[in-house]
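Notes follow once the structure below has been shown.
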Amino acid sequence: MKSAYELAMDRLEKQSPASTLTDEQKQRIAEVDVRITASIAEKKIFLEERIFKASPHEQHEIRRQLASEIARLEEKREMEKEKIRAEKSPT
């Protein structure tokens with residue numbers, strides 16, 4: 001006898017079946033992760049150096065800028081990964 005969780009998972013799988021990624025898609029997603037992670041690290045290094053040298057008021061503004069940049073890059077990462085996932089694999 002299946003649990004309520006298992007029944008719910010079965011219904012979910014019928015509504016939107018899980019798609020499998022090709023090795024190429026997995027590789028491209030990994031490349032996106034590496035590239036965006038490097039961009040985030042670069043922004044952090046650059047802006048944290050500015051935070052260290054800034055006045056308290058400027059520090060607050062730079063931290064907001066850093067948070068905004070990180071959020072923008074994370075959103076870009078997810079959009080690029082979704083685009084790759086949405087591609088149909090050749091059959």
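Points to keep in mind about this one:
Yes or no, residue by residue, for (1) without any contact (Cβ under 8 Å) to a residue 24 or more places away in the chain; (2) under 29 Å from Leu73 (Cα atoms); (3) out of contact with any strand residue (DSSP E or B) (no Cβ under 7 Å at 6 or more places or on another chain):
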| site | (1), (2), (3) |
| --- | --- |
| Tyr5 | yes, no, yes |
| Lys14 | yes, no, yes |
| Leu21 | no, yes, yes |
| Lys43 | no, yes, yes |
| Glu49 | yes, yes, yes |
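- Qualifying positions in segment 25-73 - under 23 Å from Ile84 (Cβ atoms) and of a type in the set (Ser, Thr, Tyr): Thr37, Ser39
- Residues in segment 19-34 that are loosely packed, with under 14 Cβ neighbours inside 10 Å and assigned to a helix (DSSP H, G or I): Asp23, Glu24, Lys26, Gln27, Ala30, Glu31, Asp33, Val34.
- Within segment 47-63, being assigned to a loop (DSSP other than H, G, I, E, B) and surrounded by 11 or more Cβ atoms within 10 Å (Cβ to Cβ) holds for one residue alone: Ala54.
- From the options Lys2, Lys44, residue that is charged (D, E, K, R), in a loop (DSSP other than H, G, I, E, B) and more than 12 Å from the chain's Cα centre (by Cα): Lys2
- Residues of segment 64-83 classified as surrounded by 14 or more Cβ atoms within 10 Å (Cβ to Cβ) and of a type in the set (Lys, Arg), total: 3
- Residue check, Ser39 part of a helix (DSSP H, G or I), small (Gly, Ala, Ser) and surrounded by 14 or more Cβ atoms within 10 Å (Cβ to Cβ): yes
- Some residue of segment 72-90 being at pLDDT below 90, of a type in the set (Ser, Thr, Tyr) and not in a helix (DSSP H, G or I): yes
The values are calculated or read from the model by the stated rules, or taken from the named source; none is laboratory data. This structure is a prediction, so every number in the text was calculated from the model and none was measured. Backbone-built Cβ (ideal geometry, glycine too); neighbour counts: all protein chains shown.
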